[in-house]
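Below is one structure, written out as structure tokens; the observations come after it.
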Amino acid sequence: MTEPHDPEHREQRLPAARPVEKGDLLELDQSASSAAYDPVPAQQGGGDRAGRFWSPRRIPAAVLALVTLGGAGLLLYDVAAVRADRPAMRWRRVLAAELAERPLDNVWVLAGAVAALVIGLWLLVLAVTPGLRDLLPMRRDRPGIRAGLDRTAAALVLRDRAVEVSGVQSVRVRMGRSRAGVRAVSHFRELDDVRADLDTVLATAIRELGLARPPSLSVQVRRPAKKG
């Protein structure tokens, strides 16, 4: 994936961490930064706004539809049976008697009310939130075309770019919707130099992902753990 060069996009580096003096030696076991860079604007070439993808949520919808259909059908059958001069079902007689005898502060009444409230809130959250948190929307450079990038795939791209930096031994990347956290282990070179190269390389990689909302970048570099 490539991206047009834009002279306005540049990397900004934070001041390097100052080593701690101990005797005549300089010790620096870790270097961390929160890289600042200018992300590519979400709108280019008159494209539409890139919003999050909505999950169809077929399983919750199917379960709710089946439960509602079964309950409504059972109640309708019982009402029709009563209208035909037949006794009501036992469960409806028991339920009516329990509701008439139990006070509102009864434990079972309160438990049922809380359960109904929780289920209702859960359904409302499902109705008003997009879902698909692992799918990051990409910029819409052309109207009518939508694309998304899986967070795992984005993390793999950043990891592959990071391991190419000289001095990096291993890398762990946690890709979120708004933040990319990178933890690297360097076995040679100055940690600040490695971290600065990672800031530059990863900031460029994030821009080249083409995400509608590029995440912020946090980079930490440390030495390998001492054995023994």
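Just so it is clear, none of the values below were taken in a lab; they were calculated from the coordinates. Quick caveat, the model's predicted, so the values are computed rather than measured. Reconstructed Cβ throughout: ideal geometry from the backbone, glycine too, with neighbour counts over all protein chains shown.
Below are the figures for this structure:
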quantity	calculated
Simple spin-label estimate for ARG83 and ARG223 in nanometres, 7 Å along Cα-Cβ	8.5 nm
Phi to ³J(HN,Hα) by Karplus 6.51 cos²θ - 1.76 cosθ + 1.60 over the range 83-88, Hz, x for Gly, Pro	5, 8, 6, 10, x, 5
Euclidean distance of C-alpha centroids, the range 59-83 and the range 198-216, integer Å	52 Å
Nonlocal amide H pairs with ALA212, under 5 Å, H built at 1.01 Å	MET138, ARG139
Kirkwood Rh, angstrom, the range 56-166 [1 / mean 1/r, Cα pairs]	19.8 Å
Farthest toward positive dipole pole in the range 58-128 [+1 Lys/Arg, -1 Asp/Glu at C-beta], among VAL63, ALA100, ALA84	ALA84
Fewest-first ranking of ASP160, ASP141, using other Cβ atoms within 10 Å as the exposure measure	ASP160, ASP141
Overall dimensions of the range 70-124 as given by Cα atoms, namely Rg and Dmax in Å	14.4, 40
